[in-house]
1. Kindly list the residues of region 314-336 that lie in the label zone of Asp90, defined by a backbone N under 19 Å from the point 7 Å along the Cα-to-C-beta vector.
2. Filter Lys112/Lys218; Lys243/Lys268; Lys55/Lys345; Lys185/Lys345; Lys185/Lys268; Lys112/Lys345 down to the pairs with a C-alpha to C-alpha distance above 26 Å, please.
3. Going by amide H atoms built from the backbone, whose H comes under 5 Å of the H on Glu114, apart from near neighbours?
4. Using only Cα atoms, find the angle between the long axis of helix 390-406 and the longest principal axis of the chain, and express it within 0 to 90 degrees, rounded to the nearest 10.
5. With a ≥ b ≥ c taken as the square roots of the eigenvalues of the C-alpha gyration tensor of region 173-315, please select rounded if a/c is under 1.5 and otherwise prolate if a/b is larger than b/c or oblate if it is not?
6. So if each residue of separation counts as 0.36 nm, and I subtract the Cα-Cα distance between Asp118 and Asp323, what length gain in nm does that give?
7. What ³J(HN,Hα) values, in whole Hz, does the Karplus curve 6.51 cos²θ - 1.76 cosθ + 1.60 give for region 281-286 when θ = phi - 60°, with x put for Gly and Pro?
8. Any chance you could look up the accessible area of Asp372 with a 1.4 Å probe, heavy atoms only, rounded to 10 Å²?
Amino acid sequence: MRSSKWFILVAALALMLGVFALASAQDAQPSGDLEIFSWWTGGGEEAGLNALIEKFKEMYPDVNVINSAVAGGSGVNARAVLQTRMLGGDPPGTFQVHAGAELNTLWVAADKMEPLNDLYEQNGWMEQYPQGLLDLISDDEGNIYSVPVNIHRSNVLWYIPANLEEWGVTVPATWDEFINETCPKLQEAGVTPLAVGETWTQVHLWENVALGVLGPEKYNGLWDGTTDWAGEDMTQVWETFGKVLDCANEDMNALTWQDASRMVIEGKAAFNVMGDWAAGYFLVDNSLEPETGFGWAPAPGTEGVFNMLSDTFGLPKDAPNRDAVVAWLSFLGSAEAQDIFNPLKGSLPANTEAQIDDSELYNAYFQNAYEDWTSNTIVGSLAHGAVAPQEFSSPFNDVIAGFQESRDVATAQATAAELAATTMTAGSE
Ligand code: GAL
């Protein structure tokens, strides 16, 4: 009798202790340093990231966030720093990486990332993210390797409506119209027809000239081997690209993407082709209103096509302070975080539960982009890591830099064709 009483008492005590231990494990808040690596150092991009960090700090006051952003549009510098750190066994807690080839051929193929399927299941994200986007960040076995924070559009032509009116030009529907009508008219008026920046922005322009000349099917064929890089269509792409560059500012190599956007804002140039982080720049840095203050259209010849890219964050293997990284990623993928970030960034939320219908939060630019995202033909960006491995895209930058100097169509086409043949074997994406 006595011993059974004891037994019950001990068992009850053990149960209480167990419950207590479980509760405190669940309540355990991450603490310590969390390093977030990106290339968002200015304007709407930085504002968006800072707003996320602020909210995260409210949620996890014991975590010390270290924002180690490396300046340089499209990650030109950040990627080099990241590569050195990853290969040197010094990964940041989490880092920005484009959905698609950049994530898959660089980091997943090298076995440097942890799959995040559990996180997706726990947060109900399998139903909240578009399947096409999940495919871009998954391997063939269905392992998902990063958390998308947005959808950006590459093929946007930006302008200031009042300036176009003053100069008597309209938005060109095709590159031919731009080259033959819009460009000479603006040049006669002493206005630079197209503002262009440093090399990566020239690659960005090239992909949208290629898309406009080839159309979405042949453009996609560049990445799956069905379009001949040495063929006549591609000669036309390079010729058109050369003529488009002839309509741009000569000091392009010295300008950042923001400098090029500013040329448009200041009325020095009529148009600029840039991703919709430029919307963040117009809205946040320059307090311009959509439609009245700044205007946009699909890049010439790309009506009905949405050239997409997505910024995502992953969990490197051996990341310092894994618990804090997991907390950050869980927050980042939530609709709440995406509604904080994207209205400042100029991008669309990737999580479909976000409040895109709220036109106070997402103004006319976003409404229009969302309509296109959900109805257009979707293709992927070369300049922003969606469609081609770095073995191609990195030397392709040099091809563009060489062409910008020489305008030598035959050499550029042959070099790019050779590069495509050696780096983009089927299944490399
Ligand atoms: C892209 C990136 C965007 C924006 C842009 C300019 O590669 O996806 O989020 O940062 O570069 O820096």
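1. Backbone N within reach: 316-322.
2. In this structure, Lys112/Lys218; Lys185/Lys345; Lys112/Lys345 exceed 26 Å between Cα atoms.
3. Residues meeting the amide H criterion: Leu315, Lys317.
4. Roughly 20 degrees between the two axes.
5. Oblate is the answer for region 173-315, as a/c is 1.5 or above yet b/c matches or exceeds a/b.
6. So the chain would gain 72.4 nm between Asp118 and Asp323.
7. 5, 5, 6, 8, 6, 10
8. Number for this one is 30 Å².
The values are calculated or read from the model by the stated rules, or taken from the named source; none is laboratory data. These numbers come from a predicted model, not from an experiment. Every residue, glycine among them, receives a Cβ derived from its backbone with ideal geometry; neighbour counts consider all protein chains shown. Protein only, heavy atoms only, side chains kept; ligands, DNA and RNA dropped before computing areas. Shrake-Rupley method; radii C 1.70, N 1.55, O 1.52, S 1.80 Å.
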